[in-house]
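What follows is one structure encoded as structure tokens, with my remarks underneath.
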């Protein structure tokens, strides 16, 4: 395992400063920046945080639900005119005790008619709270995530599950003690130590095994182990411990479904972006062009590798309805996330992307409203991916899978050799629930 990457040089920072300067130069002395201008500035900064050619910034913009500019900032041909906005998840804040059903359903119609699931929304009890970019962790100002993951796809028993919870809790509690920050203001250390947050997630839930177990008992184990090790380490007990994150990258490593999401289909394609100056592109273009295609948005320098995938026997697939997934979100929230929180006004969340068929929008909107106490933020997408070109997943037949897999077995990655520095300053789109798996 490695971390970090090659420094990209000064060019990304230079472009960032030029773009920010252009926004500021358009203002008169004393003018206030609009929320959208601030949003764009932060997105430009996110574009500049690169290592190894990959964007290393995750970003969420939380805004007032009556902010028309932010509500519409991803409409029209924004991808061509303002591609930096693709770096952020945009979510309207809805206070549970203030929002009305009529207001929510009007917002829901806006989301439906966007044909892209925009904007998102976050239910909160207090305005001072926020979320991390994928919305599984509840944060106060100057707090950060502390994530640990449990592989829930191959559990053998309740005891096995609880042992994994113990291990994850111990790791997370030890990590919570690492507060000797060198580059942050003292307030970050103070707030981090006060609540000593954990984010114990599960991935591979749709493989089915964990849903048969007592996850509430597992959450209670997490609370006990955290208290025990926090005392040993001389730190505070965690205010909030359990969550479910999208787990796009983790699931790839483990070979599981991502987070709480179903496998896309019994047989499907997965698309992965790659720079055309990278060694793997050169190898595949010469030896296996059948699994390559040009990236629609950047055909001059980016390609897409298309890989056949097969879900395991007995796995939950995306053939389920949106309400089926939502009920699974509710079950895990009630039996894992909420029991894994100490008394307080907020708790963590099950992060998920709900794909919605054309006939499901009304009933899903009603479910979202009626169950607003059982989640805080969920991403949505049209089931056909709406306006998204080259989506991350696509259904295929078993015959097509067998055909592509036979060719894939001939790929020899030992022949992929990087001779020169091939750092490519390409960006990646923002994390959004299950859409995190886009790369």
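The values are calculated or read from the model by the stated rules, or taken from the named source; none is laboratory data. Bear in mind that the values here come from a model prediction, so they are computed numbers and not experimental data. When we count neighbours, we look across all protein chains shown, and the Cβ atoms used for this are built from the backbone with ideal geometry, even at glycine.
Taken together, the residues in the range 140-167 that are touching a residue at least 24 places away in the same chain (Cβ under 8 Å), under 14 Å from residue 215 (Cα atoms), in contact with a strand residue (DSSP E or B) (Cβ under 6 Å, 6 or more places away or on another chain) and not in a loop (DSSP other than H, G, I, E, B) amount to 1. Of the candidates 223, 232, the single residue that is in contact (Cβ under 8 Å) with a residue 24 or more places away in the chain, part of a helix (DSSP H, G or I) and out of contact with any strand residue (DSSP E or B) (no Cβ under 6 Å at 6 or more places or on another chain) is 223. For residue 374, the conditions (1) more than 21 Å from residue 308 (Cβ to Cβ); (2) at pLDDT below 80; (3) surrounded by 15 or more Cβ atoms within 10 Å (Cβ to Cβ) are fulfilled apart from (2). Restricting attention to the range 335-361, the residues that are surrounded by fewer than 16 Cβ atoms within 10 Å (Cβ to Cβ) and in a helix (DSSP H, G or I) add up to 2.
Listed here are the residues, each with its yes/no results for (1) outside any helix (DSSP H, G or I); (2) touching a strand residue (DSSP E or B) at 6+ places or on another chain (Cβ under 7 Å); (3) at pLDDT 65 or above; (4) surrounded by 15 or more Cβ atoms within 10 Å (Cβ to Cβ).
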| residue | (1), (2), (3), (4) |
| --- | --- |
| 368 | no, no, yes, yes |
| 387 | yes, no, no, no |
| 390 | yes, yes, yes, yes |
| 399 | no, no, yes, no |
| 402 | no, no, yes, no |
| 405 | no, yes, yes, no |
| 428 | yes, yes, no, yes |
| 431 | yes, yes, no, yes |
| 434 | no, yes, no, yes |
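Residues that are surrounded by 21 or more Cβ atoms within 10 Å (Cβ to Cβ) and assigned to a helix (DSSP H, G or I) do occur in the range 174-189.
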